[in-house]
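S.K.: Before I ask anything, let me first share the structure, which is written out below as structure tokens.
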Amino acid sequence: MREDSDTKLFESSAGDSGFGRYPPLPRPVPALAERVRCLARRPQLAGCRWRPENHPGKVTIFGRRKLPESLNANTMTNPGRPSAHLRLAAALDGLAAVFGGMTAHPDEHNCECHWGSADELAQLKVPDTDLDLDLLGRTWRAPDWSDHASVLRRILPQLATALVKGSVEPHEGFEEVGRSVARGHWQQWPTAQAEAVREFLHALWADTLTDPDPAVPAYEVLALITEASATLTPWLTTWETVTDRAADSHLAEAAAKWEYDLLGDQLPWDSWENEEEKRTELTAWLVRNAPARLRAHGVSEELLHRIRLLGLTGATAPCWASLL
């Protein structure tokens with residue numbers, strides 16, 4: 001196929017999303033069937049300057065190259081997955097753009113005995129350099145910074161990326177990460193900064209729900225974003241609307257993780273404020289939304305029964321001791 005004025009090269013602007021440069025269809029063509037017949041007669045694209053081997057990682061529509069990982073079986077059977085993943089990548093880029101160049105306050109300090117050395121503290125006052133994961137962990141965990149907001153802004157792009165990669169290791173649960181974000185009072189930051197944080201939380205949640213095997217389990221991510229945002233409602237609303245197999249699988253895992261604590265009138269994670277309100281909201285949401293989805297997903301009758309028990313109140317509520 002020779003290249004002429006009627007044959008163009010198209011390069012997607014999607015970057016690393018898995019879509020790339022591919023050979024065009026000859027024009028004009030009367031119908032899709034004719035396009036297929038035309039290409040079938042020239043499977044090797046003889047005479048065309050475009051060659052798959054010259055563009056590693058790119059996709060050829062009718063060639064022999066494997067689909068990239070971003071279009072593997074999981075994503076192809078889950079239409080929401082690619083868009084959620086791209087949204088998360090854009091949110092990470094947004095954090096880097098907004099918080100790039102920021103440092104901890106020049107007078108910031110911490111205890112050398114319990115936190116780290118003066119050299120490590122000095123790294124927080126230099127912008128845009130990655131901390132080692134141990135130092136990053138000690139930094140976000142520390143509750144006693146003089147200006148926690150400036151410290152958080154310094155580490156937030158790296159912390160978010162590490163979280164997405166599964167490199168963050170809290171001592172107890174991921175609600176600890178959420179509480180660290182909340183201590184920065186990010187909702188009070190300048191609009192661009194607050195919006196970047198908010199978009200990351202929403203993008204992380206959307207990506208987690210549509211990922212069959214996320215780096216951090218959905219029930220842990222929910223605890224994190226709830227504590228970071230001081231609200232449970234928008235996250236449950238999103239989960240209610242995402243009903244593919246991955247989201248239902250995460251719901252089954254979460255229900256099995258939560259039911260014991262909820263039956264004991266306890267929120268399944270540690271919360272600094274409004275714990276009872278969160279527990280009540282989570283219980284009501286689970287009773288209302290989970291049974292049909294979990295039954296279709298094939299969970300055990302025992303789990304379904306225990307969720308039904310969560311809906312009983314007052315005199316009809318079960319004796320907790322009988323459930324042990």
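S.K.: If Lys and Arg each add +1 and Asp and Glu each add -1, what is the summed charge of the other residues whose beta carbon sits under 12 Å from the beta carbon of GLU176?
M.R.: In short, -3.
S.K.: Net charge near THR233: determine it from the other residues with C-beta under 13 Å of the C-beta of THR233, scoring Lys and Arg +1 and Asp and Glu -1.
M.R.: Summing Lys and Arg as +1 and Asp and Glu as -1 gives -2.
S.K.: If you don't mind, another one. Just the C-alpha atoms of the range 243-324: what Rg/Rh do they give, with Rh taken as the Kirkwood radius?
M.R.: Rg/Rh: 0.96.
S.K.: Highest mean first, what order results for 239-250, 154-165 on Cβ atoms within 10 Å?
M.R.: Averaged packing, sorted descending, gives the order 154-165, 239-250.
S.K.: Using a/c under 1.5 as the rounded threshold, could you call the range 180-324 rounded, prolate or oblate? The axes a ≥ b ≥ c are square roots of the C-alpha gyration tensor eigenvalues, and prolate needs a/b larger than b/c, oblate otherwise.
M.R.: Oblate.
S.K.: Here's something else I'd like to know. Taking the mean number of other Cβ atoms within 10 Å as a proxy for protection, how do you rank 131-140, 213-222 from highest to lowest?
M.R.: So the peptides 131-140, 213-222, ranked by packing, come out 213-222, 131-140.
S.K.: List the relative contact order of the range 243-324 as a percent without decimals, with contacts defined as Cα pairs under 8 Å and 6+ residues apart.
M.R.: In percent, rounded to a whole number, it is 33.
Coordinate-derived values only; no laboratory data. Computed from a predicted structure; not experimentally measured. Neighbour counts are summed over all protein chains in view; Cβ atoms, including those assigned to glycine, are modelled from backbone coordinates with ideal geometry.
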